[in-house]
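Notes follow the structure.
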Amino acid sequence: MPSQLEGAMDALIAVFYNYSGNDGDKYKLNKGELKQLLNSELNSFLTSQKDPLLVEKIMNDLDSNKDNEVDFSEFVVLVAALTVACNEFFQQKEQQMKSK
Ligand SMILES: [Ca+2]
Ligand SMILES: [Ca+2]
């Protein structure tokens, strides 16, 4: 049985390859694949941001080696950043609950 964290890592890798294999390079997400991944897997995050250029911006931010594709190590940066943001959100909520 994998641990909870190992399961989470497996899931992360599986999600990435579910989308990266659809078009072009199997091991990288192009802009269309990134958009699909964001739409399907991070829909609540996307819809909370009313920016039509969001996918472009995310792509530019993530693509640190500027090959116009997002590889797994670039993708993990996004997941880590979002996870940190979620954690801060929950901490703030908890503190608001305590102060009431
Ligand atoms: Ca691809
Ligand atoms: Ca890249």
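Numbers for the structure displayed
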{"read-out": "Single match in LYS31, LYS66, LYS50 (criterion: charged (D, E, K, R) and in contact (Cβ under 8 Å) with a residue 24 or more places away in the chain)", "value": "LYS31"}
{"read-out": "Residue identified as within 16 Å of ligand 2 (Cβ to nearest atom) and within 12 Å of the chain's Cα centre (by Cα) among LEU46, LEU42, LEU62, LEU12", "value": "LEU62"}
{"read-out": "Neighbours by Cβ (under 6 Å, 6+ apart or cross-chain): first from the range 73-98, over 25 Å from LEU34 (Cα atoms); second at pLDDT 90 or above and exposed (fewer than 10 other Cβ atoms within 10 Å of the Cβ)", "value": "none"}
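The values are calculated or read from the model by the stated rules, or taken from the named source; none is laboratory data. Because the structure is a prediction, the values reported are computed rather than measured. Cβ: placed from backbone, ideal geometry, glycine included. Neighbour counts: every protein chain shown.
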